[in-house]
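Peer 1: I'd like to ask some things about the structure below.
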Amino acid sequence: MAASDRNPWVRAAVISAGLSVFCVALVMIVVQLRNRRPAGDAGDPLCETDDCESHASILEQIASKDVDPCDDFSAYVCTAWSPARIQTQRYVTAMDFAIYGWMQSLNRTLHEGRGKIPVGRKAMLMYDTCTADDWRYGNSASELLLFLNETGLIWPFGPAPKLDALELFVSLAFNYDAPFWFSVAISDSPGPSGEWRVVLSPSYELPIIVAHHLNAIDGAAYSWTKILHSFAAGDLDEAEINETRSVGAEILRQLYAASGDPTPESALFAISKFEEYTPSISSSRWLNALQQALPVGPTMATEVFVTHVGYVRTIDSLFAKLENEQLLRHLSWLFMKMYIPVAGPEFFVGVYGNSETSKVYRPLFCGFNVEQPYRLLVSALSYVSSAISNDRPLIDASFDSLVLEATQKLMNCFWLDVHSKFLAVEKVKAVRKRLWPEDVVFEPGFLDDMYGYFPENETWSFGSYWIASRKSIRGAKTSKLYRSLSVNPIGATEPYLTYDAILNRVLITMGAVARPMYYRNGTRSMLYGGIGFLMALQLVKSLDRSGLRWHPNGSAVGCFLTEESRKEYAARDSCGVRDSNTSVFPEIPAVEVAYAAMQRALKQDGRRFRISKGLTEERVFFMTLCFMTCPRRYTPSAYRVDCNKALRNFPEFAAAYRCPRGSNMNPAKKCRFFDSAPPNPND
């Protein structure tokens, strides 16, 4: 064949080869571009369930256009939209969504639940009376005054009774579930051993009390003086009232400031050693107060677990500064701040400022004051009145996955020695989740017996119900079973999740199984950024400085780590976390665990979703967990979590938002906890 005849074939071969090279190059470019694209970018399918659309709407609404997420992610998530006042449909934070959503559904919960649990009628009648018209609500001013005098409170101000203020603080906290400064509980060991400890912790009511003071009392001082005059039906000493208000404001400021430590020091000691922590309050004084209130007969040898040593020292300083009569007046004033609407519906306006605002807050007041005495019953009613039981497998599995990730990370930690690693793994594996009502609760007659002495009278005023139900708590708490089953947080207020260090368990309110913390038909990022991250925050507390004092077998020790591992632990725990935090706990370990659990779930699923154009799995995870931590505007929160602390130390966050190295949310030096290898000195 002539050369001229071969040229077309040669040209064809060259063109073919060129096309092949071009195609290979194109594929490589596409692969490189895809690899450079954040995981789960717009190429992922869109989740179009109602849950995904709802959550996407929330995240798009809260994202600030004025804040760079690489500069201040917390501000980016938490400050974009803030209404002038509480509204019924749109809220500022995840806690607002959850609490007000819980309250809006409480009426349905009580009415539907009592069809399956008849004793639920007692809680239902109390709630119906509170939310009914003013005539049905009734007036109970004289009954409330009598209750105050019976408990030792003094109102209107007069000669103080010969009663130790500490005794009254303890009695109100334990016997009536009215913990004004601190909460008092009995931690009963499971089983027949009969062992128990006293637990002293900051009051979960403190944020509500502070909110009343900031939002209502100070803003309506004149109307409050008028209300107190009418309630007392006599002359009141204005100077005395003003002094008590002024002292009360300073007390609340100090208590709230002391409660804010994110990693408080805890202590376990015999009552005989109490005065070492409270020099102004003797051990014998503590013993007498506890003996008067508790049904278990404490002695000087009885152990006390103080969850927040700094807070107790603040209480001691207040007792040192104030006379007993001043403390009694202050406590009486706090009681009136919290509960004066019990006396009659006309007092709602005095507390909340005007009739419009009081209409918004009245259902919240009613829900809170019904759920407190009936917390176990309301939890059971919620469980049977909705499809929440269908969510149990997914939530249980997500908690188990968090435990799995935490244990695997511990096993890979290069800085833990073998013995410490084994114990740390055993400690995390032993953590139990307490969310669902125990099976015994649904046994025939169980709840009827437990709440048999609680009030039920269709003609009673709300105040009569309130007083009788609070008195019933005192009798119910003589039962170890009642005490052990009535420990979960309530849905009417923070905190929604807590960690019980003594019994190594995470306690969760049923209210957490709701938007925006949990979605039945959401994505993995919504699950692990929401309730998953909240559970992880509590789970890792089993390994914080307080958690390490409890051995995996439940015994109290100084620290179950070896001396060598303690030094490594201390170095990691105090890594230069910015701001005022001095510990990586709980945020940094929690985000490491929750993110790893999400990625494992995504890998097992073999698919990823976005919930809107720019909201990939990773970005949804980070925005959701930060939304969970946004501080509430209307109620100061003692349960503060630092979103920026968690994410500025997390490289995966910087990658998801392409934050430049050296930016505020992507510093060169990062704090980690679960490291599998020593850090690169060149990083």
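The values are calculated or read from the model by the stated rules, or taken from the named source; none is laboratory data. Just so it is clear, the model here is predicted, and its values are computed rather than measured. Here the Cβ is made from the backbone with ideal geometry for all residues, glycine too, and neighbour counts use every protein chain on show.
Peer 1: Identify the residue in the range 637-656 that is touching a helix residue (DSSP H, G or I) at 6+ places or on another chain (Cβ under 7 Å) and assigned to a loop (DSSP other than H, G, I, E, B) and, among all such residues, is modelled with the lowest pLDDT.
Peer 2: So, considering only residues that are touching a helix residue (DSSP H, G or I) at 6+ places or on another chain (Cβ under 7 Å) and assigned to a loop (DSSP other than H, G, I, E, B), the one modelled with the lowest pLDDT is ALA638.
Peer 1: Would you please name the residue that is surrounded by the fewest Cβ atoms within 10 Å (Cβ to Cβ), looking only at residues in the range 122-149 that are more than 30 Å from ALA165 (Cβ to Cβ) and small (Gly, Ala, Ser)?
Peer 2: Across the range 122-149, the extreme among qualifying residues is ALA132.
Peer 1: Next question. Which helices (runs of 4 or more DSSP H) sit wholly inside the range 326-426 and have at least 1 residues that are in contact (Cβ under 8 Å) with a residue 24 or more places away in the chain and more than 30 Å from LEU206 (Cα to Cα)?
Peer 2: 375-385, 392-411
Peer 1: Go through the range 558-584 residue by residue and tally those that are at pLDDT below 95 and assigned to a loop (DSSP other than H, G, I, E, B).
Peer 2: Count: 12.
Peer 1: Here's another thing I want to ask about it. Just checking, how many residues over the range 427-443 are in a helix (DSSP H, G or I), over 23 Å from PHE560 (Cβ atoms) and not aromatic (Phe, Trp, Tyr)?
Peer 2: Matching residues across the range 427-443 total 3.
Peer 1: Looking at the range 452-475, is at least one residue modelled with pLDDT of 95 or more, assigned to a loop (DSSP other than H, G, I, E, B), within 26 Å of LEU294 (Cα to Cα) and within 27 Å of the chain's Cα centre (by Cα)?
Peer 2: Looking for residues that are modelled with pLDDT of 95 or more, assigned to a loop (DSSP other than H, G, I, E, B), within 26 Å of LEU294 (Cα to Cα) and within 27 Å of the chain's Cα centre (by Cα), one finds none in the range 452-475, hence no.
Peer 1: Test LEU435 against the stated conditions and say whether it is more than 22 Å from the chain's Cα centre (by Cα), within 26 Å of ALA594 (Cβ to Cβ), crowded, with 21+ Cβ neighbours inside 10 Å and modelled with pLDDT of 95 or more.
Peer 2: It is false that LEU435 is more than 22 Å from the chain's Cα centre (by Cα), within 26 Å of ALA594 (Cβ to Cβ), crowded, with 21+ Cβ neighbours inside 10 Å and modelled with pLDDT of 95 or more.
Peer 1: Determine if the range 629-636 includes at least one residue that is farther than 17 Å from ALA98 by Cα and modelled with pLDDT under 90.
Peer 2: no
Peer 1: Could you list, in sequence order, all residues of the range 248-306 that are charged (D, E, K, R) and at pLDDT below 95?
Peer 2: Passing the criteria: GLU250, ARG253, ASP261, GLU265.
Table: residues versus (1) closer than 17 Å to ILE154 by Cα; (2) surrounded by 21 or more Cβ atoms within 10 Å (Cβ to Cβ); (3) modelled with pLDDT under 80.
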{"site": "VAL184", "(1), (2), (3)": "no, yes, no"}
{"site": "ASP188", "(1), (2), (3)": "no, no, no"}
{"site": "ARG197", "(1), (2), (3)": "no, no, no"}
{"site": "GLY219", "(1), (2), (3)": "no, no, yes"}
{"site": "SER223", "(1), (2), (3)": "no, no, yes"}
{"site": "ALA232", "(1), (2), (3)": "yes, no, yes"}
{"site": "LEU236", "(1), (2), (3)": "yes, no, yes"}
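Peer 1: Do you know which residues across the range 274-317 are of a type in the set (Phe, Trp, Tyr) and either over 20 Å from LEU255 (Cβ atoms) or not in a helix (DSSP H, G or I) (or both)?
Peer 2: Within the range 274-317, TYR277, PHE305 qualify.
Peer 1: Considering each of PHE365, PHE347, PHE305 in turn, give the residue that is within 30 Å of TRP155 (Cα to Cα) and within 23 Å of the chain's Cα centre (by Cα).
Peer 2: That would be PHE365, the only listed residue that is within 30 Å of TRP155 (Cα to Cα) and within 23 Å of the chain's Cα centre (by Cα).
Peer 1: Among (1) in contact with a strand residue (DSSP E or B) (Cβ under 6 Å, 6 or more places away or on another chain); (2) closer than 17 Å to CYS643 by Cα, which single condition is ILE508 missing?
Peer 2: (2)
Peer 1: Out of ILE340, ILE315, which single residue is modelled with pLDDT of 95 or more and of a type outside the set (D, E, K, R)?
Peer 2: Just one listed residue meets the conditions, ILE315.
Peer 1: Return yes or no: is ARG474 in contact with a strand residue (DSSP E or B) (Cβ under 7 Å, 6 or more places away or on another chain) and surrounded by fewer than 20 Cβ atoms within 10 Å (Cβ to Cβ)?
Peer 2: Spelling it out, it is not the case that ARG474 is in contact with a strand residue (DSSP E or B) (Cβ under 7 Å, 6 or more places away or on another chain) and surrounded by fewer than 20 Cβ atoms within 10 Å (Cβ to Cβ).
Peer 1: Could you list, in sequence order, all residues of the range 610-635 that are surrounded by fewer than 22 Cβ atoms within 10 Å (Cβ to Cβ) and closer than 19 Å to CYS47 by Cβ?
Peer 2: Across the range 610-635, the qualifying residues are SER612, LYS613, GLY614.
Peer 1: Of the residues that make up the range 527-546, is at least one closer than 28 Å to HIS55 by Cα, touching a residue at least 40 places away in the same chain (Cβ under 8 Å) and part of a loop (DSSP other than H, G, I, E, B)?
Peer 2: Checked the range 527-546: at least one residue is closer than 28 Å to HIS55 by Cα, touching a residue at least 40 places away in the same chain (Cβ under 8 Å) and part of a loop (DSSP other than H, G, I, E, B).
Peer 1: Between residues in the range 68-79 that are of a type in the set (A, V, I, L, M) and residues that are surrounded by fewer than 23 Cβ atoms within 10 Å (Cβ to Cβ), which pairs lie under 8 Å by C-beta distance while being six or more apart or on different chains?
Peer 2: ALA75/SER64; ALA75/VAL67; VAL77/ILE62; VAL77/ALA63; VAL77/SER64; VAL77/CYS630
Peer 1: Only residues that are outside any helix (DSSP H, G or I) and either over 15 Å from GLU458 (Cβ atoms) or touching a strand residue (DSSP E or B) at 6+ places or on another chain (Cβ under 8 Å) (or both): list them for the range 134-158, please.
Peer 2: Residues satisfying the conditions are ASN139, SER140, GLY152, LEU153, ILE154, TRP155, PRO156, PHE157, GLY158.
Peer 1: In addition: Among the residues of the range 409-427, is there at least one that is of a type in the set (Lys, Arg) and either within 24 Å of the chain's Cα centre (by Cα) or crowded, with 22+ Cβ neighbours inside 10 Å (or both)?
Peer 2: Within the range 409-427, one or more residues are of a type in the set (Lys, Arg) and either within 24 Å of the chain's Cα centre (by Cα) or crowded, with 22+ Cβ neighbours inside 10 Å (or both).
Peer 1: Are there any pairs, at least 6 apart or on different chains, whose C-beta atoms fall under 7 Å, with the first in the range 279-299 and of a type in the set (A, V, I, L, M, F, W, C) and the second part of a loop (DSSP other than H, G, I, E, B), and if so, which?
Peer 2: Here the result reads LEU287/PRO298; LEU287/MET300; ALA289/ASP164; LEU290/PRO298, each pair linking the range 279-299 to a residue that is part of a loop (DSSP other than H, G, I, E, B).
Peer 1: Let me ask something else. Here is a check on your reading of the model: is LEU163 surrounded by fewer than 19 Cβ atoms within 10 Å (Cβ to Cβ), in contact (Cβ under 8 Å) with a residue 60 or more places away in the chain and either of a type in the set (A, V, I, L, M) or in a helix (DSSP H, G or I) (or both)?
Peer 2: yes
Peer 1: Just one of (1) in a loop (DSSP other than H, G, I, E, B); (2) closer than 13 Å to VAL584 by Cβ; (3) among the aliphatic types (A, V, I, L, M) trips up MET665, so point out which.
Peer 2: For MET665, the failing item is (2).
Peer 1: A further question on this structure: Take the conditions buried (at least 21 other Cβ atoms within 10 Å of the Cβ) and within 23 Å of ARG434 (Cβ to Cβ) and apply them to SER565. Does it pass?
Peer 2: So SER565 fails the test.
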